[in-house]
Amino acid sequence: MTTTGRLDGATVEVIRNYLVSVGEQMRRTLVRAAFNPVIYEVLDFGISIYNGELELMAEAAGITHFLGANDYAIRKGVEYVGRENLAPGDVYLLNYPYWSGAHSYDAMLFAPVFRDGKDGPAAYLAVRAHWMDLGAKAPGYVLDSTDMHQEGLIFPGTKIVSRGEPVHDILELVRFNSRLPDLTIGDFHAQLAALRTGEIRLAQVWEKFGGDTVDQAVRQIIEHGERVSRKGVAALPDGTWTAVEYCDDDSITDDLIRMEVKVTIDGDRMIVDFNGSDGAVLGPVNLPIGSTESLAKATLKELTSPHEPTNAGHFRNLEVRADPGNFFHAVYPSATFTQWSAIVAFEMLHKALAGVIASIPASSGGDEPGFMALGHDPRTGRDFVISNNEGIGWGATRDHDGANAQQHPSQSVVRNTPIEVLEHKSTIFHERLELIPDSGGAGKFRGGVGVLRQVRYLADGEVLSMKKKSKTRPWALDGGHEPEPSEMVLWPGTDRAKRVGMYRAAMKAGDRFINRTAGGGGYGNPLDRDPAAVVADVLDGYVTAESAERLYGVIVDGPGDWRPTPARVARATEVSRRTKEG
């Protein structure tokens, strides 16, 4: 079946779902084959499918940040290699951060897919996943690099599989530069298996419908994506709005890093300008432009077509501005390894629009305040590196509370690592894991609450605290309260106790840390909160009785029983007066 004309909507929709299914089958292959818990448990990956013109056709659920960055990376990778040099069965490795849009351990494999009767690649597949070690200056994460060459082995688009056969010398180069070679090579093969799954399934789609028909369907899918996006933006108010946020520091100095975004809605176009931000800093929090574009894409998509599978058309009306050398457009040799700054910037984009778009909530807990444990496990005789993405509270909206203990909104389907996996794969032991009362920002609608995790080391090792918004509070809306920021406390209860943000510390057997994450920002005056909701919060343990009285003006006497404080009575009187006058 071939065609050069317009296809009916039913055919296009069937083909669209087939393409989405190809991505999903690649995803399942990767998860089932991966060696590394950060892939098969946390889901730290991004999978994208492109047509022969390098336009996104479909993707699989993964980290939002990766999925958008893949779009930039595939163009740079094919440009570097040369389309004319690609052959069936080839696979290329790209982790050069200024092209890949991520740090050097987020290794992207990409492959051309050929079809009989069509010159050159008919499609491209990309699978990006986090490798646990690729020879950087320190194991785990690099928190204090000052240039790219301290951040591991770099591949600009290097052929790692040639016509179906792995390139032995390149694989050995990877193996001998990794502190965890079994995991790294194992995850490479898992990504390769995902690519091969994609090639097989894509060939089946072409065979079923005909290559020309699929190509035409993809054109119509992308055109539809553009129409939906333009219509969605056109429905938003025109104007320009600015927001400022601060990243803790660059881990070299203690100075706050000023980030600024200016978002313009002009008819059916969105322009996102980061040029008011600080310039590049010495430490590894600078963002490559591919990462920056991904932030803007995620925001545009959620505002215009959050329930549709993504394709290239959804972003044709988006312009991202960040001049080379800006904090949001890192250039060689800027350090880029610790990109928690992107998560803080994700919140900043929403902050710019929160005053004019009712669906945008207050800030979540600010960033992804996870941790990483490293060491040598005497039970196995092997070194380990294990990570966990910690939950935070989400921000409140104009009509409901924020969710409790969720992954950061920018992380999409990413999960935390189960305790059973953390303890099986490392020498840490959990003593407490619980929700934190009063950690959500108070308001008419309160922010979700964060998480407290207390961990003890059973053998000597290291801990990496992963957070870049521990010095400034997440923001609230319309009189809601801002929550306390995330923190890690090392050696709690001792005279060595130390509060840290992004930090690496040596731990002895018996040493502890507490990871405490922020709740979400509140919305509205807390004295306007429904007293029944306050009582329920106290009974559920989300809010203490003391805070109910002090912040919400509700004295809880028991289930269903409460009394107002003078502050709540005065507030109710004031609201009633304004209502009568207005």
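Observations on the model:
- Selection of the stretch 90-105 for residues being in contact with a Pro (Cβ under 8 Å, 6 or more places away or on another chain), part of a loop (DSSP other than H, G, I, E, B) and of a type outside the set (D, E, K, R) yields Tyr96, Gly101, Ala102, His103, Ser104.
- The stretch 288-328, residues that are in contact with a Lys or Arg (Cβ under 9 Å, 6 or more places away or on another chain), over 22 Å from Leu236 (Cα atoms) and not aromatic (Phe, Trp, Tyr): Gly290
- Residues located in the stretch 534-567, provided they are under 19 Å from Gly479 (Cβ atoms) and either in contact (Cβ under 8 Å) with a residue 60 or more places away in the chain or touching a Pro at 6+ places or on another chain (Cβ under 8 Å) (or both): Asp537, Val543, Ser547, Leu551, Tyr552, Gly553, Val554, Pro564
Listed here are the residues, each with its yes/no results for (1) in contact with a Leu (Cβ under 6 Å, 6 or more places away or on another chain); (2) under 19 Å from Gly395 (Cβ atoms); (3) open to solvent by 30 Å² or more (accessible area, probe 1.4 Å).
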| position | (1), (2), (3) |
| --- | --- |
| Ala280 | no, no, yes |
| Thr292 | no, no, no |
| His307 | no, no, yes |
| Met348 | no, yes, no |
| Ala352 | no, yes, no |
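- Screening Val272 on (1) open to solvent by 10 Å² or more (accessible area, probe 1.4 Å); (2) touching a strand residue (DSSP E or B) at 6+ places or on another chain (Cβ under 8 Å) shows it passes everything except condition (1).
- Qualifying residue in the stretch 204-219 (condition: in a helix (DSSP H, G or I), closer than 30 Å to Ile265 by Cβ and not hydroxyl-bearing (Ser, Thr, Tyr)): yes
- On the stretch given as the stretch 1-53, residues that are within 19 Å of Arg201 (Cβ to Cβ), β-branched (Val, Ile, Thr) and within 22 Å of the chain's Cα centre (by Cα) total 5.
- Tally, over the stretch 490-508, of residues that are over 20 Å from Gly375 (Cβ atoms) and under 28 Å from the mean Cα position of the chain (by Cα): 2
- Restricting the stretch 149-161 to residues that are open to solvent by less than 10 Å² (accessible area, probe 1.4 Å) and outside any loop (DSSP other than H, G, I, E, B), the residue that is nearest to Val281 (Cα to Cα) is Gly157.
- Some residue of the stretch 117-134 being among the hydrophobic types (A, V, I, L, M, F, W, C) and open to solvent by 10 Å² or more (accessible area, probe 1.4 Å): no
- Filter result (open to solvent by 10 Å² or more (accessible area, probe 1.4 Å) and at pLDDT 95 or above) within the stretch 323-339: Asp323, Pro324, Gly325, Asn326, His329, Val331, Tyr332, Pro333, Ser334
- Selection within the stretch 235-252: residues that are touching a residue at least 12 places away in the same chain (Cβ under 8 Å) and open to solvent by 60 Å² or more (accessible area, probe 1.4 Å). The member of this set that is farthest from Leu143 (Cα to Cα) is Asp238.
- Tally of residues being closer than 22 Å to Asp460 by Cα and open to solvent by 60 Å² or more (accessible area, probe 1.4 Å) across the stretch 510-528: 1
- Filtered residue count, the stretch 416-452, keeping only those that are closer than 22 Å to Thr64 by Cβ and either assigned to a helix (DSSP H, G or I) or in contact with a His (Cβ under 9 Å, 6 or more places away or on another chain) (or both): 1
- Identity of the residue in the stretch 162-217, among the basic types (Lys, Arg) and either touching a strand residue (DSSP E or B) at 6+ places or on another chain (Cβ under 9 Å) or modelled with pLDDT under 95 (or both), that ends up least open to solvent (accessible area, probe 1.4 Å): Arg196
- Condition broken by Thr264, with the remaining ones in (1) in contact with a helix residue (DSSP H, G or I) (Cβ under 9 Å, 6 or more places away or on another chain); (2) buried (at least 16 other Cβ atoms within 10 Å of the Cβ); (3) not in a loop (DSSP other than H, G, I, E, B) satisfied: (1)
- The set of residues in the stretch 404-415 that are outside any helix (DSSP H, G or I) and surrounded by 20 or more Cβ atoms within 10 Å (Cβ to Cβ) comprises Asn404, Ala405, Gln407, His408, Val414.
- Test result for Ile386, buried (at least 24 other Cβ atoms within 10 Å of the Cβ) and without any contact (Cβ under 8 Å) to a residue 60 or more places away in the chain: no
- Taking the criterion of being farther than 12 Å from Tyr523 by Cβ and open to solvent by 10 Å² or more (accessible area, probe 1.4 Å), the residues of the stretch 459-491 that qualify are Ala459, Asp460, Gly461, Glu462, Lys471, Thr472, Arg473, Glu484, Pro485, Glu487, Val489, Trp491.
- Matching option when the condition is at pLDDT 95 or above and either within 28 Å of Pro156 (Cβ to Cβ) or of a type in the set (Lys, Arg) (or both), among Leu19, Leu86, Leu7, Leu67: Leu86
- Pairs where the first residue, in the stretch 459-482, is acidic (Asp, Glu) and the second is open to solvent by less than 30 Å² (accessible area, probe 1.4 Å) and part of a strand (DSSP E or B), C-beta under 6 Å, 6+ apart: Glu462/Leu374
- Residues of the stretch 539-548 that are open to solvent by 30 Å² or more (accessible area, probe 1.4 Å) and in a helix (DSSP H, G or I): Leu539, Asp540, Ala545, Glu546.
The values are calculated or read from the model by the stated rules, or taken from the named source; none is laboratory data. Just so it is clear, the structure is predicted and the values come from calculations on it, not from any experiment. Glycine also receives a Cβ, built like all others from the backbone with ideal geometry; neighbour counts cover every protein chain displayed. Surface accessibility is based on the protein's heavy atoms, side chains included, excluding ligands, DNA and RNA. Shrake-Rupley method; radii C 1.70, N 1.55, O 1.52, S 1.80 Å.
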